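Presented below is the structure to which this report refers.
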Amino acid sequence: MNAKLVGQFPALRPRRLRQSPALRRLVCETRLSVEQLVLPLFVRSGKKIRNPIGAMPGVFQLSLDELLQEAEKAYQLGVPAVLLFGIPSKKDERASGAYARNGIVQQAVRLLKRELPDLLVITDVCLCEYMSHGHCGIVHADQRGGKLLNDPSLKLLARTATSHAEAGADIVAPSDMMDGRVRAIRSALDAAGFSDTPIMSYAAKFASAFYGPFREAAESTPKFGDRRSYQMDAANANEALREVALDIQEGADIVMVKPALAYLDIIHRVKTEFGHPTAAYAVSAEYSMVKAAAAKGWIDERAVTMESLLAMRRAGADIIITYAAMDVARWLGK
Ligand SMILES: [Zn+2]
């Protein structure tokens with residue numbers, strides 16, 4: 001629609017429709033609802049462990065018993081899904097904890113699906129938390145530290161995703177950004193009898209400074225170098241569309257843009273271009289910045305959070321992954 005053609009003042013007075021809360025609600029174009037939220041959770045071994053993450057107030061590394069309580073709280077509040085990240089007790093050069101039958105995520109999935117069968121359990125599929133070097137794939141050591149090997153890493157990622165599906169995961173979510181991983185995971189899942197398990201791919205995942213606090217939470221800081229040889233350059237939007245197109249071709253059921261708030265243009269273009277179910281990941285620093293400023297009394301936490309998430313919805317996100325999911329659920333309920 002051409003905005004020039006809709007009329008002019010004084011016949012047209014946009015303020016007419018802003019006069020009362022009821023009128024404003026009636027013409028509201030974008031809604032945020034609890035059904036669209038996903039809560040990320042960090043699980044580690046042990047009992048009665050609730051390790052707070054310094055830069056993310058309200059977020060914890062949880063042992064299985066505490067994880068169940070947290071997931072139950074979220075479920076009671078109407079949050080339909082959680083996204084699991086595992087912190088293994090030991091790391092190695094093959095990320096064996098990522099695909100171990102009794103790995104921490106596999107245990108968590110089995111527990112949650114047994115106790116809360118209607119809660120959707122999404123698993124992050126990556127190797128970085130399980131690799132001693134902290135990178136998302138197999139590394140070939142060289143003088144400069146190491147080179148991440150794409151194709152050999154695919155086998156381990158596919159194996160990880162399959163082990164999550166075997167444990168009962170409702171959706172697997174590869175976050176590594178290796179080329180061809182969605183295809184590798186799709187074929188492995190199909191071959192193992194999990195052709196109905198959807199893949200939510202971190203399709204356009206940018207190498208971002210906004211991940212800082214997460215690395216403390218997931219204990220996944222790379223021991224050398226950075227992730228710029230696999231995660232995307234923040235400057236590139238057309239490349240993001242190509243990444244998304246590839247993932248859809250390879251079988252991604254849901255595509256994700258990460259981070260969210262600084263990448264609303266990407267979310268918008270992905271949704272407009274492909275019309276595919278689209279998720280936005282409001283990452284750790286997006287959460288930390290709001291928490292920190294709110295703690296100082298500089299901003300209204302609730303209003304800023306709601307406005308930010310609404311902006312993601314307006315940009316085109318169908319699903320929002322946010323550490324604030326439980327707060328938002330409470331606010332929406334009031
Ligand atoms: Zn990773």
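The values are calculated or read from the model by the stated rules, or taken from the named source; none is laboratory data. Note that the structure is a prediction, hence the values are computed from the model and not measured. Here the Cβ positions follow ideal geometry from the backbone for every residue, glycine too, while neighbour counts run over all protein chains shown. Only protein heavy atoms, including side chains, enter the accessible area calculation; ligands, DNA and RNA are left aside. Shrake-Rupley method; radii C 1.70, N 1.55, O 1.52, S 1.80 Å.
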query: Angle, helix 150-167 long axis vs. longest principal axis of the chain, Cα atoms, 0 to 90°, nearest 10?
result: 80 degrees
query: Rounded to the nearest 0.05, what FRET efficiency is calculated for E307 and N238 with R0 set to 22 Å and r the Cβ-Cβ distance?
result: 0.15
- prompt: So what is the relative contact order of the chain, in percent, for Cα pairs below 8 Å that sit 6 or more residues apart?
  reply: 17 percent
task: Go through 261-269, 20-28 and give me the packing order, highest mean Cβ count within 10 Å leading.
output: 261-269, 20-28
- prompt: Taking the simple approach of a point 7 Å from Cα along Cα-to-Cβ for both K223 and A22, what is their distance in nm?
  reply: 6.6 nm
- prompt: For the Cα atoms of the chain, what angle does the longest principal axis make with the long axis of helix 181-191, in degrees from 0 to 90, nearest 10?
  reply: 70 degrees
- prompt: Among bridges DSSP assigns within the chain, what percent are antiparallel (round to 5)?
  reply: 15 percent
Spatial separation of Cα centroids for the stretch 247-274 and the stretch 99-135, in angstrom: 24 Å
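Roughly speaking, what % of Cα-Cα pairs in the stretch 169-244 are separated by over 19 Å, rounded to a whole number?
Result: 46 percent of Cα pairs exceed 19 Å.
In Å², what does the accessible area per residue of the chain work out to with a 1.4 Å probe? Before the final figure, lay out each step's value.
Values: 15880 Å² over 334 residues.
Per-residue accessible area for the chain comes out at 48 Å².
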task: In whole angstrom, note down how far apart the Cα centers of the stretch 52-82 and the stretch 192-236 are.
output: 21 Å
message: With a 1.4 Å probe and all protein chains left in place, how much of the accessible area of the chain comes from carbon and sulfur atoms, in whole percent?
response: 53 percent
task: Show me 100-109, 37-46, 192-201 ranked by packing, highest mean number of other Cβ atoms within 10 Å first.
output: 37-46, 100-109, 192-201
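Once every DSSP H run of n ≥ 4 in the chain is given -39500 (n - 2.57) and the sum is divided by its residues, what mean residue ellipticity at 222 nm do you get, rounded to the nearest 500 deg cm²/dmol?
-12000 deg cm²/dmol
Rounded, prolate or oblate: which one fits the stretch 218-318, using the alpha carbon gyration tensor with axes a ≥ b ≥ c (rounded when a/c is under 1.5, else prolate when a/b beats b/c, else oblate)? Walk me through the intermediate numbers first.
On the way: a/c = 2.46, a/b = 1.32, b/c = 1.86.
Because a/c hits 1.5 or more and a/b fails to exceed b/c, the stretch 218-318 counts as oblate.
Once you have the alpha carbon radius of gyration of the chain, what is it after dividing by 2.2 N^0.38 Å, with N set to its residue count?
Compactness ratio reported: 1.03.
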task: Take peptides 308-315, 222-229, 175-182, 296-303 and line them up by average Cβ neighbours within 10 Å, highest first, as a rough protection proxy.
output: 175-182, 308-315, 222-229, 296-303
